[in-house]
Amino acid sequence: MKILFASPEAVPYAKTGGLADVSGALPRALAQMGHEVRLLLPKYRAIDEKRFPAVRTGMVLKVPISQKVIPCEVYALDPSPRLRVLLLRQDSYYDREQLYGTPSGDFEDNAERFIFFSRAVVEAALELNPDILHCNDWQTGLIPVYLKTLYRWSPALARAASVFTIHNIGYQGLFWHYDMHLTNLGWDLFTPRALEYYGKLNLLKGGIVFSDAVTTVSRKYMEEVQTPEYGAGLDGVLRDRKADLYGILNGVDYEEWSPAKDRFIKEKYDSSDLSGKKACKADLQQEFYLKVDPQIPLIGMISRLTDQKGFDILAPIIEPLLDLGVQFILLGTGEEEYHLLFQKIGQKYPHRAGIRIAFDNTLAHKIEAGADMFLMPSLYEPCGLNQIYSLKYGTVPVVRATGGLDDTIQDYNPLSGEGTGFKFKEYSSSSLLEAVKRALQVYPNRTAWEKLMIRGMAEDFSWAHSAGEYIRVYEKTLAKKRTAKTEP
Ligand code: ADP
């Protein structure tokens, strides 16, 4: 199968969050299964030219944006025989320090930057003849729209189907209606049944309405987004697509995230010998100037500092939590109010709390390896990757039962000894604290705790399984589309 995978970010080229992990690993897994995959990304300044020397393909696309036609030069990298990474270059849009904006706000021309990207992908598809165009998040939302409208009669794309994956419905690419002219689509599409959302242009909604199939990144999240509580205003639109809606749990890349292979950590280890984890814990305690003591339970967090990740329920109980006799380490960036709050906590409790306001991949690996528990009290979590990494590192997850957190973690049962972590349901500070207390009750019982760690380490969320599920969705969607076309 020929698969064109369009994403605004992918590891190891450019990353701001979990979408990049998925867009790096899934195309590779699909290529390993024998499919021919093209991964299309904007050519950002952040993509290190020395590490990834891309070459010109000679392909120059002419991309209409409103009254203008803007050129887009296509560069290529070949990381594996069946996987080609194509970088779409237009420096006026992508040669900037950040991907989407500065800490003080998104770039003002983000609508234009990603309308351009979506249209350029479709122009590239005319030459690449894919069977599947797999689009990801709002930045690619117009691709399915173009396929069903302006490019409907293009012979090269007539047999292609589009699959649209929602990685986080909280980010919809919502822009003022005046940006509609940049799309070159007719105003007849600016209706509540298509691209309009309460007077605004909604690019994510375009992807949901016009794609041939929609997927979300866990089964539970697929159910949740169809409810008003979690649908962020698009639950009705998703219920309308129920027949073509799938929940496929993200896999993780164990080449990158496994304590037996991790090149960033103090000492490698696996479930047959956990002594390396002790060395990693001591190293982490030192790194954050905490007391080096194997007995003190160490709780880690790596996260965007936003309400979605549960910081509004964590903030009121952070001091009572530290009073439970734990060490707490937080690595993250995000909203200013949380930067200030947690920096203050770090200053007030220098030997119990280690706070690093930064995006630091090496440190993320060290925290996964060195912590005893990993906290994810998310309000919602489409899939979540860190809890899955944590399982592999024997770092017991304490999570709220939502989305992918609920699908991947089984609550510990002290009677049967089953489970892989600690879950709480109600989104409240007291439930969160209760779950941490439950974990701390088990922690001193080394035999029970190690069994819990080892059970988590044995779990397997590798991409091979999830990639197979995507292939089944691609095949089903293509078959459905092709039979629909041949019907009178
Ligand atoms: P989301 O995409 O919602 O931010 P995920 O759990 O799906 O959350 O993925 C987050 C990814 O980004 C993980 O790989 C995590 O390790 C990484 N990450 C998040 N914040 C940081 C940070 N401050 N430093 C390093 N890595 C981070």
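The values are calculated or read from the model by the stated rules, or taken from the named source; none is laboratory data. What you see is a predicted model; the values in this text were computed from it and never measured. No Cβ is skipped: glycine too gets one built from the backbone with ideal geometry, and neighbour counts run over all protein chains shown. Accessible surface areas use protein heavy atoms only, side chains included; no ligands, DNA or RNA. Shrake-Rupley method; radii C 1.70, N 1.55, O 1.52, S 1.80 Å.
So for the chain, taking the charge dipole from beta-carbon charges (+1 Lys/Arg, -1 Asp/Glu), which of LEU189, ILE313, HIS465 sits furthest toward the positive end?
HIS465
Putting +1 on Lys and Arg Cβ atoms and -1 on Asp and Glu Cβ atoms, find which of TRP257, VAL63, PRO81 reaches farthest to the positive end of the dipole of the chain.
Working it through, the farthest residue towards the positive pole turns out to be PRO81.
What net charge do the residues around GLY403 carry, taking every other residue with its C-beta under 11 Å from that of GLY403, with Lys and Arg at +1 and Asp and Glu at -1?
Local charge sum for GLY403: -2.
Solvent-accessible area per residue for the chain at a 1.4 Å probe radius, Å²?
42
Over segment 339-453, with every protein chain in place, what whole percent of the accessible area is carbon and sulfur at 1.4 Å, could you tell me?
So the carbon and sulfur contribution to the accessible surface is 53 percent.
Whole-Hz ³J(HN,Hα) for each residue in segment 37-43, computed from phi via Karplus 6.51 cos²θ - 1.76 cosθ + 1.60 with θ = phi - 60°, x for glycine and proline: what do you get?
10, 10, 9, 9, 9, x, 8
Determine the alpha carbon to alpha carbon distance for each of LYS62/LYS480; LYS43/LYS242; LYS205/LYS344; LYS200/LYS423; LYS266/LYS309; LYS266/LYS348 and list only those over 30 Å.
From LYS62/LYS480; LYS43/LYS242; LYS205/LYS344; LYS200/LYS423; LYS266/LYS309; LYS266/LYS348, over 30 Å: LYS62/LYS480; LYS43/LYS242; LYS205/LYS344; LYS200/LYS423.
How big is the charge dipole of segment 88-164 about its Cα centre, in debye rounded to the nearest 20, if each Lys and Arg gets +1 on its Cβ and each Asp and Glu gets -1 on its Cβ?
The calculation lands at about 440 debye.
Compute the long axis of helix 361-370 from its Cα atoms, compare it with the longest principal axis of the Cα atoms of the chain, and write down the angle in degrees, 0 to 90, nearest 10.
Tilt relative to the chain: about 40 degrees.
In sequence order, what are the phi-derived ³J(HN,Hα) couplings for segment 438-447 according to the Karplus relation 6.51 cos²θ - 1.76 cosθ + 1.60 with θ = phi - 60°, rounded to whole Hz, with x for glycine and proline?
Karplus values, whole Hz, x for Gly and Pro: 4, 5, 5, 5, 7, 3, x, 7, 4, 5.
Under the rule a/c < 1.5 gives rounded, and otherwise a/b versus b/c splits prolate from oblate, where does segment 275-459 land using the Cα gyration tensor?
Cα axes put segment 275-459 in the rounded bin.
Cα gyration tensor of segment 404-445, axes a ≥ b ≥ c as square roots of the eigenvalues: rounded (a/c below 1.5), prolate (a/b > b/c) or oblate?
Oblate.
Just to confirm the number: angle between the C-alpha axis of helix 18-32 and the first principal axis of the chain, 0 to 90 degrees, nearest 10?
Helix 18-32 and the main axis of the chain meet at about 70 degrees.
Cα gyration tensor of segment 384-463, axes a ≥ b ≥ c as square roots of the eigenvalues: rounded (a/c below 1.5), prolate (a/b > b/c) or oblate?
oblate
Probe radius 1.4 Å, ligands and nucleic acids ignored: give me the carbon and sulfur share of the accessible area of segment 1-108 as a rounded percent.
Carbon and sulfur atoms account for 48 percent of the accessible area of segment 1-108.
How much mean residue ellipticity at 222 nm does the chain get from its helices, if each DSSP H run of length 4 or more adds -39500 (n - 2.57) and you divide by all residues, to the nearest 500 deg cm²/dmol?
Using -39500 (n - 2.57) per qualifying helix, the result is -10500 deg cm²/dmol.
I'd like to know which of LEU284, ALA439, ILE329 lies farthest towards the positive end of the charge dipole of segment 275-459, counting +1 on Cβ of Lys and Arg and -1 on Cβ of Asp and Glu.
Checked the options; the winner is LEU284.
Place a +1 charge on the Cβ of each Lys and Arg in segment 275-459 and a -1 charge on the Cβ of each Asp and Glu, then give the dipole magnitude about the Cα centre in debye, rounded to the nearest 20.
560
Under unit Cβ charges (Lys, Arg +1; Asp, Glu -1), what dipole magnitude, rounded to 20 debye, does the chain have relative to its Cα centre?
So the magnitude is around 880 debye.
Search the structure for amide H atoms under 5 Å from the amide H of VAL396, placed 1.01 Å from N in the peptide plane, and list their residues when 5 or more places away or on another chain.
Long-range HN contacts for VAL396: MET373, PHE374.
Tell me which residues come under 5 Å, amide H to amide H, from HIS134 once H is placed; ignore anything under 5 positions away on its chain.
LEU4, PHE5, ALA6, VAL163
Short version: ³J(HN,Hα) in whole Hz for each residue of segment 423-434, in order, from phi by Karplus 6.51 cos²θ - 1.76 cosθ + 1.60 (θ = phi - 60°), x for Gly and Pro, what are they?
Calculated HN-Hα couplings, in order: 10, 10, 9, 5, 7, 8, 4, 5, 5, 4, 4, 4 Hz.
Around LEU305, which amide H atoms from residues at least 5 apart in sequence, or from another chain, sit under 5 Å from its own amide H, with H modelled in the peptide plane?
Distant-sequence amide H within range of LEU305: THR333, GLY334, GLU335.
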